[in-house]
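Data block below; observations after.
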Amino acid sequence: MTFAKKSRLVHPLVSDQFGSAVAPLYKAAAFAHDAKSLSDVFNSKEAGFVYTRIGNPTVMMLENQINMLENGIGAIAFSSGMAAISAVSMLLCSSKKEILANRSIFGGTYSLFINILSNYGVKTIFFDTADELKRNISENTAFIFTETIGNPSIAVADIKELSSLKGNLPLVIDATVTPYIFNGKSCGADIIIYSATKMLSGHGRTIGGAVVDCGSYDWTNLRYKTALRDYSNAGYMAFLAALRRLYLADLGGCLSPETADGILTGMETLALRVKESCKNAEFLADFFNEKRLNVNYPKFSRYKQTADKQFGGYYGSIMTIDLGSEETAFKFIDSLKLSLDMPNLCDTRTMAIHAESTIGSMLNDKQKADSGITPGLVRISVGIEDKYDLRDDFLNALNCDILNDKL
Amino acid sequence: MNLIINGKEESLAGNGLSVSKLLILKNVKFPQMVSVQLNGEFVKQENYDISTIKENDNIEFLYFMGGGR
């Protein structure tokens, strides 16, 4: 008998001698074995745990849950979403290789590609349209990268379309803001990356990330033979094997067991939170739209059709409104009583942040334009509070004097 | 049933074991952490239940759990 993901999120696969229903917290840095067994585990001949930087029972229970969510062949947890993207990029790229990335990706990822990977001879080419993507695929392309919903561009990527154009390249997607309402594998994604800090945890008490291999890409493809090194002989598991044993183990971006426990706690309520956040966001976006504010939300944008196709009737929990100037945006944010000014996303709490002076502050003018960042742009991530409280909070902020003058 | 698992001869009770059952017998709680080769051919996870092991089969488990250098 198989159970729905909503049920399996509440009932993780737990191995515990005392019958615990939740993942036991193994805080151990290392695990003892007899000499032969330790040698076998070290050399991949036996199952077991040795050192928490590479694998830990609590972390593995989290990996199992994230993998279950995506119907993948395996997942690996990282210390943050950026650690996850860094490790995947370094595995798939080498000098003279190119990343083909959606133009509106998150500033941290943009900086990784442009400011760090470029130092190692990796070039990033950005695309907006299918034509641009097709035109730029070459023998040097290492992978295609996009976010399901761009932040803060709120651009919705058509994953099925990208998959139809990728040829023999892996399609790597960041699905941080759309877990549960979106299944990347069924749309043709090969690798799915999460910042687990956001919707997976939801409670704002953890920083974490994860990578899922959907099992759809043939890693025996010679393109990655050098990168996969000894693990190229692991067949369809080669990517996960190399990612864990080289790029998790040796770059060191491992997740702590305590944090894995925190993410697992959040994931039990994921199905409820995602839908409630999305419903609240749609309610607020409707309200902003009625007020004739310049709101950017998939329901009202050119991405509606793609969102309708991919997200099961939801439009996500993030949006932006453009209030025209930094001064107005600051006044608006400081007038909010319930919603918080914090740089996080997809938390149970609603958050509003001035994009240009915070999450986009490291970008130049062209990069800001690519991400849709204007001086008056406020990004709003909607939580699970009472929707009428949220509406009244934003209405109150909109009614402050400075806005009456300028809107 | 006599098998060769990771180069070692082993004798297991029962005939017609699936790869899934063999993983349970070998105490592998997280099958996404291992690749399985049956007589030199990789077995995909979705086929673990339907892949049957026969007398004298050669099975290679490659685990990606522990390790380090």
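The values are calculated or read from the model by the stated rules, or taken from the named source; none is laboratory data. Everything quoted here is computed from the prediction, not taken from an experiment. Every residue, glycine among them, receives a Cβ derived from its backbone with ideal geometry; neighbour counts consider all protein chains shown. Surface areas here come from the heavy atoms of the whole protein model, side chains and all, with no ligands, DNA or RNA. Shrake-Rupley method; radii C 1.70, N 1.55, O 1.52, S 1.80 Å.
So, of the residues in the range A:188-204 that are closer than 17 Å to A:GLY316 by Cα and either assigned to a loop (DSSP other than H, G, I, E, B) or of a type in the set (Gly, Ala, Ser) (or both), which turns out to be most open to solvent (accessible area, probe 1.4 Å)?
A:LYS198
From A:GLU268, A:GLU258, A:GLU290, grab the single residue that is away from every other protein chain (no Cβ under 14 Å), touching a helix residue (DSSP H, G or I) at 6+ places or on another chain (Cβ under 6 Å) and of a type in the set (D, E, K, R).
Details: A:GLU258 fails: touching a helix residue (DSSP H, G or I) at 6+ places or on another chain (Cβ under 6 Å); A:GLU290 fails: touching a helix residue (DSSP H, G or I) at 6+ places or on another chain (Cβ under 6 Å).
It is A:GLU268.
List pairs: first in the range A:64-77 and closer than 9 Å to A:VAL212 by Cα, second open to solvent by 10 Å² or more (accessible area, probe 1.4 Å) and in a strand (DSSP E or B), Cβ under 7 Å, 6+ apart or cross-chain?
Pairs found: none.
Taking the range A:43-59 as the search range and keeping residues that are open to solvent by less than 70 Å² (accessible area, probe 1.4 Å) and at the interface with chain B (Cβ under 7 Å from one of its Cβ atoms), which one is farthest from the chain's Cα centre (by Cα)? Step through it out loud before you land on a result.
First, pick out the residues of the range A:43-59 that are open to solvent by less than 70 Å² (accessible area, probe 1.4 Å): A:44, A:46-50, A:52, A:54-59.
Filter once more, so that each one left must be at the interface with chain B (Cβ under 7 Å from one of its Cβ atoms): A:44, A:46-50, A:54-55.
Values: A:SER44: 30, A:GLU46: 32, A:ALA47: 29, A:GLY48: 29, A:PHE49: 27, A:VAL50: 29, A:ILE54: 22, A:GLY55: 21 Å.
If we take residues in the range A:43-59 being open to solvent by less than 70 Å² (accessible area, probe 1.4 Å) and at the interface with chain B (Cβ under 7 Å from one of its Cβ atoms), then A:GLU46 is farthest from the chain's Cα centre (by Cα).
Can you tell me which of (1) under 19 Å from A:VAL10 (Cα atoms); (2) β-branched (Val, Ile, Thr); (3) free of Cβ contacts under 8 Å to residues at least 60 places away in the same chain is the one A:VAL41 doesn't meet?
(1)
Consider the range A:128-155. How many of its residues are farther than 11 Å from A:ILE99 by Cα, open to solvent by 10 Å² or more (accessible area, probe 1.4 Å) and either of a type in the set (D, E, K, R) or not in a helix (DSSP H, G or I) (or both)?
Matching residues across the range A:128-155 total 11.
Which condition does A:PHE106 not pass, out of (1) at pLDDT 90 or above; (2) within 19 Å of the chain's Cα centre (by Cα), if it passes all the others?
Result: A:PHE106 passes all but (1).
Kindly establish whether A:LYS5 is touching a Leu at 6+ places or on another chain (Cβ under 7 Å) and touching a residue at least 40 places away in the same chain (Cβ under 8 Å).
Working: touching a Leu at 6+ places or on another chain (Cβ under 7 Å): yes; touching a residue at least 40 places away in the same chain (Cβ under 8 Å): yes.
Taking the combined requirement at face value, the residue satisfies it.
Would you be able to tell me the number of residues in the range A:377-391 that are among the acidic types (Asp, Glu) and open to solvent by less than 70 Å² (accessible area, probe 1.4 Å)?
Number satisfying all stated conditions: 1.
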